[in-house]
Structure formats: C-alpha cells, structure tokens
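Since the structure comes first, as structure tokens, the remarks are kept for the end.
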Amino acid sequence: MEDDARHTMRTVSFGALWRLMRYPFLFLSMAVVPRIMGKEIYGQYAVFMAVFLIWEGFTGLGNVQVFGRFVPECGADDEAGAAKLLHSILFYGLVITAGIAAIAVPVVLWTYQGELRTEWAWVLALTLLLGKTQGTLFAFLFGRNQIGRFSMRDLLRSILMFAFVLVLFLGFGLRGALWALVLNELALAAVGMFWTRDVLFLRPRWVPFREFKPYLLFGITFSLPTMLQSLVQRSGNLFVRELTLSYEQVSFYDIGNQFLLITGAFIGQILVTLVPALTALHLRDEGARAQEWTGRVLAYCGIVAVVVLAALVCLGRHVIRLCLGEAFGGVYRSAVVIAVSLFPLIVGRAGANMTIIRKEPGVYFTSVLAGLFAMTTACVFLVPRWGAIGGAWATVSGYTALAAVYGWRYRADFSPVLRTFAAAVLPGIVVVPCCFVKAGLGLSLALFGLAAAAYVGAVSALKILKFSDARMLLRALSGKGKADPPGSAEENGS
C-alpha cells in the first residue's frame, strides 16, 4: 500500500499540474471574450457553444475507452492492425457524425431565426466533423499510451480557441468568432494527423460494419451517460434563452456556469486519478482502506471548494467589475448561487469512481438521468421568474439529485466518507455572512483573508487538515521515500 500511496500521489499531483497549465487561458477566455463581445452578442455566442457541445456529446462514441482497451492488443510491432482499427473507427465515426450533423443542422435552422442562421448551420456541421476527426486521432494516441501528447490537446485547444476567437471577432464580429471554432478544430486535426502519421497514412483499411459493431457497442456503453452529463452541464444556456428570450440573461448564467465547470473539472481530475489505487484496494477486499482514502481526498476537495467559494463571495463583485465591466454586474449573484453546486459535484465525482470500480455503469446512467430531470423541472418553474438566478438554482438542484442517487446506492460505503466530507465543509459556514457585506476592494480582501483564516483554523483544529499529508505529498513527488498511507503510525503520532 505504501507504493500505491506514492504512485497515486505523484499521479494526482502531476495530473493536477498539467491541468493548471490550461487555466490561464480558460480564465482569459472567460474574462476577456465576454467584455469585448458585450453581453448580448456573448449571449448568442454562449448559446451556440452550448448547442455545439451538446451535439458533440452525441458523437463521442467512447473512442478513448475503445482505443485504450483494444490498441494494446495489437502489440508494438503490429502497425497494420493498429492502422486497421484507427481507419475503421475514423471512417465509421465520421459516417455516424455526418448522420448526426444531418439531424442537428435542420434543428438549428428551425429553432434559430437570427441574421447568422446560415453560419450557425455550416459552423455546427464542420465543427462536429472536424472535432470527430481530431478527437479520434488524439484518442488513438491515448491507446498507444502517448499520454503526454493526448493530454496536450486540452492545452492546445484552450490556447488556440482564445487566440482565434479574439482575433477573428475583432476583425469580423460574431461571424468571425463562430468560424474561429472551425479553425480551432482544423488546427487540432492537423496536429493529430502529424502525431499519428506513421499509422494514419498507411494504406486505408477498415473492417466491415458487422465486425465494427462490437467496438461501437463497447464505446456506446461509456458514451451514453456522458451524453446525458453534457446535457446537465450545458443545457442551462438553452433553458435560460428559451424561457426568458434574453441573451443578456444567458450571459449572466453562462459565465457563472463556466466558473463552476472549470473548477469542477480540476477537482474531478484529482478524483478520477484515484481510480487505479481504489480499484486495487477493492480487488484486495480492503474496503475500509478505500473508504479512508476516499474520505480524505473528498475532505481536501471540499476544503478547496470552500476557499474558492469564499474568494468568489468576497471578491467576485470587484473581479467581475474589473474584468468584464459594469454591464456584467448581474453575473455575480448567479455565479455565487451556481458555485454551491461544487459540493454535490464533488460527491458525484466520487460516486462516478465507484461505478467504475464496481463496473456498474447503470448507476452512473441513473444518477445523470435523475440530475437532468431535476434540473429540467427546476428550470421550468424558476427561470421564467428569476432568469439567470433561477437557472443557477436549477443547476444546483440537478447536481444535488445526481449526488443523491450515488449517496443512496452506495450508502454503506459512503456513510463514513460523507461524514468526513461534511466535517470538512460545514465549518465553511463562516463564509455566509460575507454574502451580505458590500465593501471596497481593500476591505473585501481583508474580509476574505479573515474568513479563509478562520475556516482553515477550524478544519486544522478538527484535525481534518493535517501537515503530515503535505509531507506525504512532498515525499511522493520527490520519489526519495515511501509515502505513508492515511492512518499510518507516523501520521497518527503527528
């Protein structure tokens, strides 16, 4: 277990560090793009992005899982076998994506009646096809265990999207920003082609569909819940638009939702890297040890979420005013409300880990379906009256319903884990009074410092936050010593 601890901590840490490299560009996009576009145009752009990302979810087909499972079977020297698999998945994937685009385009033309109606249709079709191409090529790199190149895609995507959207919007307005998405996918496809050229450009070969069908069914098993997850994450923009007929309200909701998704993605990456170690514990029937690891990591994720929420509550008004301008003042309230979703989101990520470890994708599907139903119902009742704020509360209800399914299904395992998580989060109540204080930047910084110090002091006094964990992390990163697992003699004596 000591070796597992060291390997897991190094994986978590370097995975998190790689994730962090994207964040300056993600935050730049969130801060700069809305300001230069203005709230009305940005609202239109945000609606298109939601439409694209939802339809893109239907084209995924579990390529990462398929390549990760079947490329290693080809062996290092079987380039012909690897090429046959790549060509087959690329060919049939593009055929299926073209069919999905043929459905999506008429839907867009029917529902969107604006000036850029034709651009929406063309851009959607091309981004879906190019996105499928580059996604398949990078997934193949994952299957070949070229994790560095596979992981590079997200960083490149963030950098290129920020640059292309900024430049083309300044030159051509919203039309340019939309075509920047096509250019972004094209650039990624070119990179993917270059990195897979040794196999991609071999003589084209693909299997008959009857032989491809098992791969398709295998991938769909993983991609179907992801499709529903995409709806939970992105459909808020569409609900706010359709129920308020206001692109301004879409802007206010979308920026808050982007903050949630960026923060949630970082925390989720930390949690998902625990799966190999937790699976090993599960196979060794060491359930108590797995609960201890999960509870400890969830507690630290909860601490991060509380500090992030405190920063948003205390400093959000000033940051939004400085970065986006007075016109986006309505973002603050919806962002604070939607950030509450971080807590059920963390529980949901841990629950998703359990479905992988126990091979129960049906539970994942049920939880996401419950979240989507709860969010849709709440949107219908709340958005017409409260706009972006209503959409934010609907998002909270969706993630809460999703987490509740996991909590109930895995209640025997989750009871001690959730007690640890609650113990870490509940002292964060010290942040609540900050919501009612409107002060200048200097006083707000002081208020955040006091709230964060009080909270960190509380979780330290409760022995939830321990410096021995930091020492374990440093040992794991240095590789000079063995990392002690939670509950070790050294830790209990510290």
| message | What does the extension gain come out to for Ala190 and Thr226, with contour length at 0.36 nm per residue minus their alpha carbon separation? | response | 10.4 nm
| request: Under 1.5 on a/c is rounded, so check that first for region 97-253, then, if it is not, pick prolate when a/b is larger than b/c and oblate when it is not; a ≥ b ≥ c are the square roots of the alpha carbon gyration tensor eigenvalues. | output: prolate
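So if R0 is 30 Å, what FRET efficiency would Lys438 and Ser246 give, r being the distance between their Cβ atoms, rounded to the nearest 0.05?
According to the calculation, E is roughly 0.75.
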| remark: Taking R0 as 41 Å and r as the Cβ-Cβ distance between Lys463 and Arg117, the FRET efficiency 1/(1 + (r/R0)^6), rounded to the nearest 0.05, comes to 0.10
| message | Which one, Pro208, Ile100, Met161, is farthest towards the positive end of the dipole of the chain when Lys and Arg carry +1 and Asp and Glu -1 on their Cβ? | response | Met161
| message | Expected output is a single nm value to one decimal: the length gained when fully extending between Ala102 and Glu360, i.e. 0.36 nm times separation in residues minus the C-alpha distance. What is it? | response | 89.6 nm
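Thr111: net charge of surrounding residues, Cβ under 11 Å, Lys/Arg +1, Asp/Glu -1, itself excluded? Spell out each step's value before the answer.
Details: positive: Arg117, Arg241; negative: Glu242.
Spelling it out: positives minus negatives among the neighbours equals +1.
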| query | What is the packing order of peptides 312-321, 292-301, taking the mean over residues of other C-beta atoms within 10 Å and listing the highest first? | reply | 292-301, 312-321
| Once the Cα gyration tensor of region 37-143 is diagonalised, semi-axes √(5λ) in Å | 34, 14, 9
| query | For region 335-377, which trypsin sites (Lys or Arg not before Pro) are in a loop by DSSP, counting at most 10 other Cβ atoms within 10 Å? | reply | Lys359
| query | Is the chain rounded, prolate or oblate when judged by the Cα gyration tensor, a ≥ b ≥ c being the square roots of its eigenvalues, rounded requiring a/c under 1.5 and prolate requiring a/b larger than b/c? | reply | oblate
| task | Counting helices only, and only those DSSP H runs with n ≥ 4, report the 222 nm mean residue ellipticity of the chain as the sum of -39,500 (n - 2.57) divided by its residues, in deg cm²/dmol to the nearest 500. | result | -29000 deg cm²/dmol
| query | Treating the beta-carbon of each Lys and Arg as +1 and of each Asp and Glu as -1, no other charges, what is the dipole magnitude of the chain about its Cα centre, to the nearest 20 debye? | reply | 260
| said: Using +1 at the C-beta of Lys and Arg and -1 at the C-beta of Asp and Glu, which of Gly264, Ala378, Ala424 has the Cα lying farthest in the positive direction of the dipole of the chain? | reply: Ala424
| query | At a Förster distance of 22 Å, what's the computed FRET efficiency of Leu202 paired with Ile147, Cβ-Cβ distance as r, to 0.05? | reply | 0.40
| Neighbourhood net charge (15 Å Cβ-Cβ; Lys/Arg +1, Asp/Glu -1) for Ser444 | +3
| query | Which one of Leu231, Leu245, Leu309 is farthest out on the positive end of the charge dipole of the chain, using unit charges on Cβ (Lys, Arg +1; Asp, Glu -1) and the Cα centre as origin? | reply | Leu309
| said: What does the C-alpha gyration tensor say about the overall shape of region 391-467? Classify as rounded when a/c is under 1.5, otherwise prolate if a/b is larger than b/c, or oblate. | reply: oblate
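Read-outs: derived from the displayed coordinates by stated rules, not from any lab. From a predicted model like this one, the values you see are computed outputs, not experimental measurements. Virtual Cβ from ideal backbone geometry, glycine too; neighbours counted across all protein chains shown.
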